[in-house]
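Single-structure report; data block below.
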Amino acid sequence: MTLQPNDRVADTPESGIRKFFELAEERDDVISLGVGEPDFSAPWAARTAAIHSLEAGKTSYTANRGKLELRREIADHVEQWGHQYDPDSEILVTTGASEAVDLALRTFVDPGDRVAVHQPTYISYKPGVRFAGGEPLPVPTGADNDFVLTPEALREAGAADADALILCYPNNPTGAVMDAEEIAAVAEFCVDNEIDVIADEIYAALTYDGEHTSIATMPNMRERTVVINGFSKAYAMTGLRLGYAMGPPDAIEAMNRVHQYTMLSAPTTAQYAAIEALRSCEESVDEMATAFNRRRRFVLSRFEEMGLDCFTAKGAFYAFPACGGDDEAFAENLLEQEGVAVVPGSVFGPGGAGHLRISYATGMRELKTAMNRIEVFVGDR
Amino acid sequence: MDEKQELLSLLSTDAREDVDDIARQLGTDPETVEGLLDELESEGTVRGYQAVIDWDNTDSQRVAAFVELNVELDRETGYKEIADRIAKFPAVESLRLVSGDYDFAIEVTGESMQAVSQFVSEQIAPIPEITQTVTHFIMETYKEAGIDFGDRDDDDRLSVSP
């Protein structure tokens with residue numbers, strides 16, 4: 001047979017999200033709480049900068065690592081989380097944070113390497129590890145511990161022997177965050193066991209209770225951590241596909257080698273938008289974060305009222321209530337009977353079973369209607 | 001942000017929320033919200049709750065104009081005294097003292113251009129301290145109270161995404 005996918009691809013199932021996307025698309029009265037991107041548009045000043053760059057004919061490649069001007073802005077921007085990275089040698093601008101994750105995996109994972117991935121989490125990590133030739137090592141987290149990753153969970157899962165860990169907090173799908181103490185405990189485990197960390201911090205700016213803590217800022221962690229962030233979530237720029245990776249010079253140089261041969265450079269227009277976003281759009285980010293936070297509290301309080309057990313999600317734009325039973329059946333029936341689309345938690349790994357990912361990246365009015373419909377559905381069960 | 005500021009910020013984006021929903025969004029209880037609202041109203045911070053209406057979308061013949069007013073003050077009469085007199089007219093929608101070439105900027109509404117002109121010439125211009133009026137009829141409103149009247153964005157996101 002021609003064009004036969006290799007084993008790694010053939011063995012990777014299609015994302016479980018696909019099915020719900022198709023079910024939701026069949027109807028036009030659906031309120032979707034299944035969307036993994038903001039309901040805002042990119043700040044107007046950033047869009048204008050992109051338009052002006054096009055008008056000025058800025059349509060060629062940029063430096064492999066991204067425009068230096070942008071890397072400088074990024075270096076300033078991430079200081080708020082205690083990061084100090086040199087724009088010349090320690091920052092790489094990528095086509096979305098997704099590319100940065102893929103680059104990190106392809107750069108640092110040797111065939112057969114074990115990469116710890118806490119569960120439930122974003123759906124791309126496990127396939128990414130496999131595509132890079134590694135073996136994903138699932139590490140469960142649960143509602144009993146607010147979906148926080150602990151050294152005990154890592155040890156129990158056998159992660160002491162792992163070569164790397166992918167850490168995603170604030171977390172998609174749970175909305176969980178980890179405080180400084182919890183991060184420090186995981187950091188210590190990684191130092192003790194010589195585990196590299198790929199820290200996907202794409203939701204860092206959407207941390208509502210307390211401050212975001214990056215594992216790279218913990219003792220002896222900077223040299224073993226690649227920090228990944230981007231513009232998709234905080235700046236509502238998902239479609240512009242722009243992210244970045246930060247790490248020690250040798251690591252970034254190595255990632256850039258893969259990047260230069262596979263991507264060349266991140267989208268130029270998006271880079272112009274991002275420079276402006278970092279320069280003048282902090283207020284828009286704050287406004288969006290404020291709106292998300294209000295909706296978060298609204299959703300959590302509605303779940304409490306309808307008796308759905310939900311831990312206090314403190315980041316991103318997701319809540320992760322327990323649905324008391326088969327999450328796939330719940331999500332399917334909810335969609336069919338009440339026209340509300342949610343994503344079953346098991347899509348994000350076994351640890352997500354019995355839960356639902358509720359995205360509150362949707363307007364208040366729709367959110368209210370959706371919550372009323374869920375209440376009716378839960379009451380009828 | 002303290003609770004009062006948060007409540008104000010929420011009301012300034014949507015004043016139609018009921019007390020229960022406001023409480024849920026602020027992470028507090030309805031009684032607290034009621035209490036804060038009472039306080040904000042009685043201390044004169046919240047002066048009213050209004051809808052932002054695109055009148056061009058209605059059958060209304062409503063006409064509005066911005067009017068620049070120049071005044072001459074004397075020992076007995078200050079801006080405040082003049083403003084008090086102008087503000088009493090229901091046709092005056094807003095009244096502000098501004099810096100620059102003129103003193104007051106007011107918005108006047110009426111049922112027709114003639115009605116607005118007549119109001120300005122018969123009620124405003126004759127006030128003794130007013131030395132000059134310049135009327136600008138509003139031709140089209142594109143944005144009001146922070147709300148863009150342009151085409152509303154359709155949500156073109158995928159209905160379910162990772």
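The values are calculated or read from the model by the stated rules, or taken from the named source; none is laboratory data. Given the structure is predicted, the values throughout are model-derived calculations rather than measurements. Don't worry about glycine lacking a Cβ; one is built from the backbone with ideal geometry, like all the others, and counts go over all protein chains shown.
Each row is one residue, and each column tells you yes or no for (1) free of Cβ contacts under 8 Å to residues at least 12 places away in the same chain; (2) surrounded by fewer than 24 Cβ atoms within 10 Å (Cβ to Cβ); (3) under 19 Å from A:Val117 (Cβ atoms).
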{"residue": "A:Pro170", "(1), (2), (3)": "no, no, yes"}
{"residue": "A:Gly175", "(1), (2), (3)": "no, no, yes"}
{"residue": "A:Ile183", "(1), (2), (3)": "no, no, yes"}
{"residue": "A:Val186", "(1), (2), (3)": "no, no, yes"}
{"residue": "A:Asn193", "(1), (2), (3)": "no, yes, yes"}
{"residue": "A:Asp200", "(1), (2), (3)": "no, no, yes"}
{"residue": "A:Tyr208", "(1), (2), (3)": "no, yes, no"}
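Does A:Ala270 satisfy the criteria of being in contact with a Leu (Cβ under 9 Å, 6 or more places away or on another chain) and at positive phi? First the steps, then the outcome.
Values: in contact with a Leu (Cβ under 9 Å, 6 or more places away or on another chain): yes; at positive phi: no.
No: the conditions fail for A:Ala270.
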Original post:
Between a first residue in region B:10-33 that is within 13 Å of A:Arg302 (Cα to Cα) and a second residue that is of a type in the set (Gly, Ala, Ser) and assigned to a helix (DSSP H, G or I), which pairs have beta carbons less than 9 Å apart while being 6 or more apart in sequence or on different chains?
Top reply: B:Ala23/A:Ser301; B:Arg24/A:Ser301; B:Gln25/A:Ser301; B:Gly27/A:Ser301; B:Asp29/B:Ala23
**OP:** State whether one or more residues within region B:48-61 are assigned by TED's automatic domain parsing to the domain that holds B:Thr131 and closer than 17 Å to B:Val134 by Cα.
**Re:** no
Original post:
When region A:281-297 is examined, which residues are found to be hydrophobic (A, V, I, L, M, F, W, C) and assigned to a helix (DSSP H, G or I)?
Top reply: A:Val285, A:Met288, A:Ala289, A:Ala291, A:Phe292
**OP:** Search region B:1-43 for residues being of a type in the set (Ser, Thr, Tyr) and within 10 Å of chain A (Cβ to nearest Cβ), and hand back the single one that is farthest from B:Glu144 (Cα to Cα).
**Re:** B:Thr28
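Out of all the residues in region A:8-21, which are polar (S, T, N, Q) and within 12 Å of another protein chain (Cβ to nearest Cβ)?
A:Ser15
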Original post:
Is it the case that A:Thr362 is farther than 17 Å from A:Pro120 by Cα, part of a loop (DSSP other than H, G, I, E, B) and either within 14 Å of chain B (Cβ to nearest Cβ) or of a type in the set (D, E, K, R) (or both)?
Top reply: yes
Subject >> Close pairs from region A:250-261: first part of a helix (DSSP H, G or I), partner of a type outside the set (Asp, Glu) and surrounded by fewer than 17 Cβ atoms within 10 Å (Cβ to Cβ), Cβ under 6 Å, at least 6 apart >> reply: A:Asn256/A:Asn64; A:Gln260/A:Asn64
Original post:
Does any residue in region A:273-295 that is under 23 Å from B:Asp14 (Cβ atoms) come within less than 6 Å, Cβ to Cβ, of a residue that is in a helix (DSSP H, G or I) six or more places away or on a different chain, and which pairs are these?
Top reply: A:Cys281/A:Ala45; A:Cys281/A:Ala46; A:Arg294/B:Gln25; A:Arg295/A:Leu367
Subject >> Residue match in region A:151-159 (condition: in contact (Cβ under 8 Å) with a residue 60 or more places away in the chain, outside the structural domain of A:Val342 (by TED's automatic domain parsing) and not hydroxyl-bearing (Ser, Thr, Tyr)) >> reply: no
**OP:** May I ask you to list the residues in region A:314-336 that are closer than 29 Å to B:Leu11 by Cα and within 14 Å of another protein chain (Cβ to nearest Cβ)?
**Re:** A:Lys314, A:Ala316, A:Phe317, A:Tyr318, A:Ala319
**OP:** For residues that are without any contact (Cβ under 8 Å) to a residue 12 or more places away in the chain, within 17 Å of A:Ala331 (Cα to Cα) and not in a loop (DSSP other than H, G, I, E, B), scanning just region A:22-65, find the one that is farthest from the other protein chains (Cβ to nearest Cβ).
**Re:** A:Glu22
Subject >> helices (runs of 4 or more DSSP H) fully within region A:119-223 counting 3 or more residues that are of a type in the set (A, V, I, L, M, F, W, C) >> reply: A:180-192
**OP:** Could you tell me whether region A:298-305 includes any residue that is part of a helix (DSSP H, G or I), within 14 Å of chain B (Cβ to nearest Cβ), over 20 Å from A:Ile202 (Cα atoms) and in contact with a Gly (Cβ under 6 Å, 6 or more places away or on another chain)?
**Re:** no
Original post:
Mind checking which residues of region B:111-162 are within 14 Å of another protein chain (Cβ to nearest Cβ) and surrounded by 15 or more Cβ atoms within 10 Å (Cβ to Cβ)?
Top reply: B:Arg157, B:Leu158, B:Ser159, B:Val160, B:Ser161, B:Pro162
**OP:** Answer yes if at least one residue in region A:76-86 is surrounded by 18 or more Cβ atoms within 10 Å (Cβ to Cβ), touching a Phe, Trp or Tyr at 6+ places or on another chain (Cβ under 8 Å) and in contact (Cβ under 8 Å) with a residue 60 or more places away in the chain, and no otherwise.
**Re:** yes
Original post:
For region A:81-91, does any single residue satisfy the condition of being closer than 30 Å to A:Asp7 by Cβ, in a loop (DSSP other than H, G, I, E, B) and away from chain B (no Cβ under 14 Å)?
Top reply: no
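Can you pull out the residues in region B:17-27 that are in a loop (DSSP other than H, G, I, E, B) and farther than 16 Å from B:Asp38 by Cα? First the steps, then the outcome.
Residues of region B:17-27 that are in a loop (DSSP other than H, G, I, E, B), as a first pass: B:17-18, B:27.
Passing the criteria: only B:Gly27.
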**OP:** Of the conditions (1) part of a loop (DSSP other than H, G, I, E, B); (2) within 28 Å of B:Glu17 (Cα to Cα); (3) within 19 Å of the chain's Cα centre (by Cα), B:Leu40 clears all except one; give me its number.
**Re:** (1)
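Would you check if A:Phe311 is more than 14 Å from chain B (Cβ to nearest Cβ) and among the aromatic types (Phe, Trp, Tyr)?
On the way: more than 14 Å from chain B (Cβ to nearest Cβ): yes; among the aromatic types (Phe, Trp, Tyr): yes.
For A:Phe311, the condition - more than 14 Å from chain B (Cβ to nearest Cβ) and among the aromatic types (Phe, Trp, Tyr) - is met.
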Original post:
Looking only at region A:262-271, which residues are outside any loop (DSSP other than H, G, I, E, B) and crowded, with 24+ Cβ neighbours inside 10 Å?
Top reply: A:Ala270, A:Gln271
